[in-house]
Amino acid sequence: MTTPTPNPGAQGGPQGPQPQQAPWGTPPPPLGSPKSPRRRKGWVIYGVVPLVSLFVGVGIGSSGGGGDTAHAKAEPGPAVTVTETARAEAEPGPTVTETVTASPKETKQPGPATSFSGEGEYLVGEDIKPGTYKTAGPEDEWGCYWERAKDASGEFDSIIANNNLNGPGRVTLNNGEYFKTNRCQEWTRVG
């Protein structure tokens, strides 16, 4: 491959003067008038140096450096207030499980009853409290039967007292006796 060489005699033309081509690998010279090295030096001195000085001065001024600050009076700066708006809904917190051992309340041992059904056999002092009881009378037309006995044998000789009621009645029961009742309304302690 051959590179065309310029014709030294052909200067000018319809486009004006043509620059000469440099050998392969060298950049062509710049168009226009060449600048002197002195002019470049002036640009650096009068352009870059003031710009760098400006940045250094701003840096010193903002950092508080430079000058004698030992004798300067410190004046308080303006107060800054930051206000935050609370959220409408709080985020759920962690779930905490606490185990509490509850001690049961002391309950009285169920003692003997002070009222009982009109049908059954009861040991006075254990099943029912000793005292005087009353009933409204029989549940039906057959009458109300009650019996005080010294034991639960059911023998005729164990009966202390008994009665058939057609209306209201009362009986006094002593500790250790057996009380048998049939077809009566509820018995309630009255004394």
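We did not get these values from a lab; they are worked out from the coordinates using the rules stated. Fair warning: this is a prediction, and the values are worked out from it, not measured in the lab. Reconstructed Cβ throughout: ideal geometry from the backbone, glycine too, with neighbour counts over all protein chains shown.
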For segment 145-191, what are Rg and Dmax over the alpha carbons, in angstrom? 10.9, 29
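By its C-alpha gyration tensor, with a ≥ b ≥ c as the square roots of the eigenvalues, how is segment 115-189 shaped: rounded for a/c under 1.5, else prolate for a/b larger than b/c, else oblate?
Values: a/c = 1.93, a/b = 1.31, b/c = 1.47.
Because a/c hits 1.5 or more and a/b fails to exceed b/c, segment 115-189 counts as oblate.
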Taking the Cα of Lys134, stepping 7 Å toward and past its beta carbon, and measuring to each backbone N in segment 160-191: which are under 16 Å? 166-173, 185-191
If each residue of separation counts as 0.36 nm, what is the full-extension length gain between Thr101 and Ile160 once their alpha-carbon separation is subtracted? 15.9 nm
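In nm, what is the difference between 0.36 nm times the number of residues separating Tyr145 and Ile60 and their Cα-Cα distance?
Values: separation 85, 0.36 × 85 = 30.60 nm, distance 11.79 nm.
Here the answer is 18.8 nm.
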